[in-house]
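Throughout, read-outs are computed from the coordinates displayed, never taken from laboratory work. Only a predicted model underlies this, so the values are computations on that prediction, with no experimental measurement involved. Glycine also receives a Cβ, built like all others from the backbone with ideal geometry; neighbour counts cover every protein chain displayed.
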Amino acid sequence: MPNDRYLQNVAYIRLKTLNLGYTLPVSISSKLQADDIKIYLSGENLWTWSPLYKITKDTDVTNVWRAGSQLTGLDSDNTRGDGDGYNYPTLGTISVGLSINF
């Protein structure tokens, strides 16, 4: 009988990319003598949830040991340090932009 004592659920859900844009009304852009004004907001890696976070928030759940080996057909190489789950946490990025056309 296989031993499942040390198995962990490493499933996760992530909001990886979010892009929002808004074009200001002509009544506002005409006051600035512009043809159009657009505002942008972009974010990457904004939110991740995993049941593994009950144990630690510092684990990169997308890089847990052998988590992707079935998908790629490759075995994890522990000498490189990939797949051990102890890498830096995934960093989030937020960008804001403004586009004005005259």
Exercise. Put a dot 7 Å past each Cα toward the Cβ at S42 and I94; how far apart are the dots in nm?
Worked result: 1.7 nm
Seminar exercise, completed: For 14-23, 39-48, 1-10, ranked highest to lowest by mean beta-carbon neighbours within 10 Å, the order is 39-48, 14-23, 1-10
For this session: Any chance you could run the full-extension gain for I28 through Y12? It's 0.36 nm times the residue separation minus the Cα-Cα distance, nm to one decimal.
Result: 1.4 nm
